[in-house]
Amino acid sequence: MRLLPSGRVAAVFDVALTVWMVALSQYFVWRMPDPYGLWTDVDTTGRVLLAVVHVPLIARRRYPVAVCWLTCGGAAVYLTIGYYHSAITFAVALAVYSVAAYRRPRVSVPATVAANAVLLWGNRLVEPGMELAGPATAVMVALIAWAFGEATRRAAEQRATLRVLTQRLEREQEEQARRAVVREQGRIARELHDVIAHHMSVVSVQAGLGRYVFDADPPTARRTLDVIGEVAHEALDEMRRMLAMLRSSTDEAPFAEVAGLAQLDDLLARVRAAGATVDVTVTGVSARLHPGPDLCVYRIIQESLTNVLKHADPPHARMSLCWSATGLTVRVENDGAVGPVGEGYGLVGMRERARLYDGRLRADPRPGGGFEVTLELPLDEVTA
């Protein structure tokens with residue numbers, strides 16, 4: 001069964017309601033007794049005026065103000081002639097309800113005052129004993145209609161406001177989801193780059209050395225194969241840990257089993273085995289970092305040493321870790337000639353990692369040659 005649109009349903013309802021009210025008013029004036037001879041007998045003019053009072057109500061939703069004034073005007077003419085007053089009371093009340101439901105009080109209140117004046121004018125011809133009750137009832141009917149209309153209008157405004165807020169919330173949620181996806185993509189890109197770039201750089205250096213000494217120095221060639229095997233095994237382990245981290249739904253737990261400063265000695269051994277010379281200096285009292293910042297420091301050191309392997313000639317680096325009461329400063333520098341180093345994925349990833357923990361990273365060529373990477377990380381929020 002095909003349902004009508006809500007607007008069409010409302011229109012059909014208003015037509016049916018108006019037809020019913022016209023018929024009911026005609027019945028009232030036909031059947032209402034007049035033992036005191038107060039009212040003018042309803043003739044053709046009276047019946048036409050009843051239709052004039054009621055028919056505009058069909059358009060009460062679209063033109064509530066005009067309908068209210070037309071209904072009240074027709075009712076005023078009808079009542080001035082002296083026809084039975086109660087036949088038009090509910091039409092006027094519905095007109096008042098409609099203008100209050102679809103317009104603000106600055107419009108609906110004057111219309112309600114006019115409607116009350118019309119109803120009071122009709123009650124000048126009231127049965128004996130109803131001089132007070134009749135006008136009071138007419139006024140109360142109009143005021144109740146206005147109150148219901150005003151409540152309907154406010155409820156509609158609240159629903160409209162709620163729809164706007166709901167749409168805004170949905171847009172904000174979509175934007176947050178998009179940002180979360182971008183952040184997750186950035187995190188995956190950083191981890192993939194750091195894991196793959198470092199280990200593949202070591203493998204590349206060792207493979208080149210092994211190929212160079214394969215015939216002249218078989219023991220060295222075998223050692224390069226051993227290093228390649230160890231590095232490949234470590235790369236697989238780190239990839240597994242990284243996948244476990246990316247599948248985790250928490251922020252802190254995934255870092256518990258990934259790399260950090262505790263694995264710094266293994267990293268230095270791997271880089272040295274690849275042919276680099278690294279001098280390490282540690283000053284100050286070290287602090288225990290949260291897993292996230294710990295991984296950040298480790299990855300930045302790893303990427304810096306990887307760049308030394310790839311670009312420095314000779315691959316000689318000096319690394320210092322300076323702990324203080326307020327922060328950790330990590331510096332990796334070399335004096336070798338460095339090839340062109342642009343703002344590639346490695347440097348972008350290092351800067352992003354530093355920003356995550358309110359750190360600052362500088363990566364600049366040294367005046368006398370070589371390159372220097374400096375990470376300054378505040379400790380007030382990142383220490384465990």
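The values are calculated or read from the model by the stated rules, or taken from the named source; none is laboratory data. As the structure is a computational prediction, the values presented were derived from the model and not from experiment. For neighbour counting, all protein chains shown are included, and Cβ atoms are generated from backbone atoms with ideal geometry for every residue, glycine included. These accessible areas exclude ligands, DNA and RNA; they are computed on the full protein's heavy atoms, side chains included. Shrake-Rupley method; radii C 1.70, N 1.55, O 1.52, S 1.80 Å.
With +1 on each Lys and Arg Cβ and -1 on each Asp and Glu Cβ, and nothing else charged, work out how big the dipole of the chain is about its Cα centre, in Debye to the nearest 20.
1840
Between residue 81 and residue 161, the FRET efficiency from the beta-carbon distance, with R0 = 35 Å, is close to 0.15. Each of 365, 220, 348 was placed along the dipole of the chain (beta-carbon charges, centred on the mean Cα), and the one lying farthest toward the positive end is 348. Taking GluC sites (Glu not before Pro) as exposed when DSSP calls them loop and at most 15 other C-beta atoms lie within 10 angstrom, the chain has its longest site-free stretch at 1-130.
When the Cα positions of 320, 48, 120 are compared along the charge dipole of the chain, 48 comes out farthest toward the positive end, with charges on each C-beta of Lys, Arg, Asp and Glu.
For segment 74-233, averaging the sequence separation of C-alpha pairs within contact (under 8 Å, six or more residues apart) and dividing by the residue count gives a relative contact order of 19 percent.
Would you please give the FRET efficiency between residue 174 and residue 262, computed as 1/(1 + (r/R0)^6) with r the Cβ-Cβ distance and R0 = 35 Å, to the nearest 0.05?
In this case the efficiency is close to 0.30.
One decimal place: the segment residue 352-residue 240 gains 38.0 nm when fully extended, by the rule 0.36 nm per residue minus the C-alpha distance. A Förster radius of 30 Å combined with the Cβ-Cβ distance from residue 189 to residue 230 puts the calculated FRET efficiency at roughly 0.70.
Subtracting the Cα-Cα distance of residue 360 and residue 51 from their residue separation scaled by 0.36 nm leaves 103.1 nm. Each residue of segment 275-288 was assigned a 3J(HN,Hα) from its phi angle through the Karplus expression (A = 6.51, B = -1.76, C = 1.60, θ = phi - 60°), giving x, 8, 10, 10, 9, 10, 10, 10, 10, x, 9, 5, 10, 8 Hz with x at Gly and Pro.
The accessible area of residue 322, taken with all protein chains in place and a 1.4 Å probe, comes to roughly 60 Å². Whole-Hz Karplus values for segment 372-380 come out as 9, 10, 10, 10, 10, 10, x, 9, 5 Hz, taken residue by residue from phi with 6.51 cos²θ - 1.76 cosθ + 1.60 and θ = phi - 60°; glycine and proline positions read x.
For segment 7-164, the orientation-averaged shadow of the C-alpha convex hull comes to 9.4 nm² (one quarter of the hull surface). Each Cα pair under 8 Å and six or more residues apart adds its separation to the average, and for the chain the resulting relative contact order is 10 percent. Rounded to the nearest 500 deg cm²/dmol, what is the calculated helix-only ellipticity per residue at 222 nm for the chain, with -39500 (n - 2.57) per DSSP H run of length n ≥ 4? -22000 deg cm²/dmol, from helical runs alone.
Between residue 216 and residue 147, the modelled labels are 10.5 nm apart [label points 7 Å from Cα along Cα→Cβ].
Each label was represented as a point 7 Å from its Cα along the Cα-to-Cβ direction; for residue 16 and residue 130 these points are 3.1 nm apart.
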